[in-house]
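Data first, discussion second: the structure below is written as structure tokens.
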Amino acid sequence: MDSHSTKELAGEEAMLDFGRAIARRLKRTDLVFVSGELGAGKTTLVRAILRGLGHDGEVPSPTFTLLEPYRIGDLDVIHADLYRVRDSEELEMLGMRDYLGERLCLVEWPERARDWLPEPDWWIHLSGSGGASRTVCVRGGT
């Protein structure tokens with residue numbers, strides 16, 4: 001990943017705007033890692049990206065289901081939350097390998113399966129939790 005930028009986001013509206021801006025730059029088969037500590041806003045950012053892609057329905061956190069599929073027009077998207085993954089083999093059993101390179105994959109907590117996942121096209125790291133402001137570091141993309 002060549003490019004890298006850091007941005008300060010003040011408030012939820014800034015996070016939503018940022019997610020919509022990222023959505024405009026994604027390709028159909030990109031792998032996007034969204035990392036950060038608990039409460040940093042990872043799911044909020046994924047919701048904003050999905051909204052930016054045109055999804056207008058509910059976006060539940062897939063903390064317990066691990067994978068949540070979306071069909072947005074002719075675009076297939078997988079939202080994965082790996083917080084509860086104990087072993088990368090769980091992802092194999094869920095069929096995650098079938099999605100990689102075939103669908104847009106938005107992955108929260110990618111570090112839980114870093115040994116199993118390929119290099120991402122985008123890595124978005126959120127810092128700060130509980131406050132009104134977040135720092136976002138984005139690596140990759142063009």
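Tabulated data for the structure shown
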item	result
Residue that is nearest to GLY101 (Cα to Cα) [pool: residues in segment 3-36 that are at pLDDT below 85 and polar (S, T, N, Q)]	SER3
Some residue of segment 18-38 being over 21 Å from ARG134 (Cβ atoms), more than 16 Å from the chain's Cα centre (by Cα) and open to solvent by less than 50 Å² (accessible area, probe 1.4 Å)	no
Residues located in segment 96-129, provided they are open to solvent by 10 Å² or more (accessible area, probe 1.4 Å), among the small types (Gly, Ala, Ser) and at pLDDT 90 or above	GLY101
Unique match (being among the hydrophobic types (A, V, I, L, M, F, W, C), crowded, with 21+ Cβ neighbours inside 10 Å and either within 19 Å of VAL136 (Cα to Cα) or in contact (Cβ under 8 Å) with a residue 12 or more places away in the chain (or both)) among VAL85, VAL77, VAL59	VAL77
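The values are calculated or read from the model by the stated rules, or taken from the named source; none is laboratory data. Everything numeric in this text was worked out from a predicted model, so none of it was measured. Heads up, the Cβs are rebuilt from the backbone with ideal geometry, glycines too, and the neighbour counts pull from every protein chain shown. These area figures cover heavy atoms from the full protein model, side chains too; ligands, DNA and RNA do not enter into them. Shrake-Rupley method; radii C 1.70, N 1.55, O 1.52, S 1.80 Å.
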